[in-house]
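Just below is one structure, and these are the notes that go with it.
The values are calculated or read from the model by the stated rules, or taken from the named source; none is laboratory data. These numbers were taken from a predicted model, which means no experiment stands behind them. When we count neighbours, we look across all protein chains shown, and the Cβ atoms used for this are built from the backbone with ideal geometry, even at glycine.
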Amino acid sequence: MTAPTCAVTGANGLIGRAACRRFQALGWKVIALVRQPRLAPPGCEARAFALGEPLAADVLTGVDVLVHAAYDFSLRSWSDICRVNVVGGDYLFDSATRAGVKRQIFISSMAAFEGCRSKYGLGKLAAEDAARIRGGIVIRPGLIHGAPNIGLAAQIAALARRFPAVPMIGSGRYPLYTCHIDDLCHLLVHVALTEQPHRAIITAANSNPVTLRALVEQAKGEGRPPLVIPVPWRLLAAVLRLVEAAGLRAGFRSDSVVSIVHANGTPDFTALQSMPVRFRAFED
C-alpha cells in the first residue's frame, strides 16, 4: 500500500517543521514547499514554492493533504500583506483544488476573528475565507509553547530568565490561550485522516487562559520572579514601529502588541470539543 503524501508550506517554520516531523513519524511521504529547496527539513522531498507567486502546474502533483503554515512576517503594509499572504493563499488553494488534493488545512491564528485590529489577524482572517470557500479546514492555534528556543512563548521565557527586570505590556493582565506544539500536531493528523472533518473553524488551544504577566513570572521557575516594569502599550507599540521603520529587528513586533491588547475575549472552542484531542495547560 502506497503511503499517503502530505505537503507543508512554511516547512522551516515552528509549526511547519513540527508537522513535517509528525507526519514522517507516521510513515507519510512529506513534501516541503519552500523557497530554497536545499534548506528543506531532513527526510522531506523539497519542491520550490514562494508565497505570493503562482505555483508551477506540478507542485502539488500526488499530494493527498496540504498543510498551509507559511506566512511572511516581514511585511508591514496592508497592501503587501494582502499581495503576499492573502493572494498567495488564493494561488495555493486554487492549485490544490486543480491538483485534486483531498484535504486542505490552513493554519490561521487566534489573532484572527471578527473585529480583530492587528494586521496579522486581519491578514489571516482574509486568508481563512480563501481556504473555506474551497472546502478547506481552518485551525486557529493559540500561543505556541513546548518548542524549546522557538516561538513567542520561548522568547518571553528567555527574556525573563536573562534579565532581572522585564518590560511589560501595560498591566500584563491580557489573557493568552496557549497551544502545545505536540497537541497541535495531534490535531493536524486527526483532521488529515478524518473522512468528514468538522467544517467549523477549530480553535486549537487550552480553554483556560494565562495572563502575560503570569507567563513571565512562571518562566522564572523556582527562582525569584523578575521585576516587571509596566509600559503603556501605545508607547511600546510606537517605539517598536520606529525601530521597524529604521529597518531594525527588535525581536517583538509592534503588531504583536496590538494582537495581545486587542485579543479575542470569547474564543469559540465548540469545534474542538467534538474531537479526540485535548490541549494541555501551559507549563514552562
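The table below gives the values:
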| item | result |
| --- | --- |
| Flag if VAL228 is hydrophobic (A, V, I, L, M, F, W, C), in contact (Cβ under 8 Å) with a residue 40 or more places away in the chain and closer than 27 Å to GLU128 by Cα | no |
| Residue within the range 89-102 that is closer than 22 Å to VAL261 by Cβ, in contact with a helix residue (DSSP H, G or I) (Cβ under 7 Å, 6 or more places away or on another chain) and among the aromatic types (Phe, Trp, Tyr) present | no |
| One residue from TYR120, TYR71 being under 28 Å from PHE279 (Cβ atoms), among the hydroxyl-bearing types (Ser, Thr, Tyr) and either assigned to a loop (DSSP other than H, G, I, E, B) or modelled with pLDDT under 95 (or both) | TYR71 |
| Number of the exception - TYR91 against (1) within 30 Å of THR266 (Cα to Cα); (2) part of a helix (DSSP H, G or I) | (1) |
| Cβ pairs under 8 Å, 6+ apart, first in the range 272-284 and farther than 15 Å from ARG140 by Cβ, second assigned to a loop (DSSP other than H, G, I, E, B) and at pLDDT below 90 | SER274/HIS198; ASP284/GLY221 |
| One residue from ALA18, ALA96, ALA32 being part of a helix (DSSP H, G or I) and either among the hydroxyl-bearing types (Ser, Thr, Tyr) or in contact with a Lys or Arg (Cβ under 8 Å, 6 or more places away or on another chain) (or both) | ALA96 |
| Matching residues, the range 150-195, being over 20 Å from ALA7 (Cα atoms), of a type outside the set (A, V, I, L, M, F, W, C) and without any contact (Cβ under 8 Å) to a residue 40 or more places away in the chain | ARG162 |
| Residue check, ILE139 modelled with pLDDT under 95, assigned to a strand (DSSP E or B), buried (at least 21 other Cβ atoms within 10 Å of the Cβ) and among the aliphatic types (A, V, I, L, M) | no |
| Selection from the range 1-15 of residues that are in contact (Cβ under 8 Å) with a residue 40 or more places away in the chain and either assigned to a loop (DSSP other than H, G, I, E, B) or surrounded by fewer than 16 Cβ atoms within 10 Å (Cβ to Cβ) (or both) | PRO4, GLY10, ALA11, GLY13 |
| Number of the condition not met by GLY115 [criteria: (1) farther than 21 Å from PRO267 by Cβ; (2) out of contact with any helix residue (DSSP H, G or I) (no Cβ under 8 Å at 6 or more places or on another chain)] | (1) |
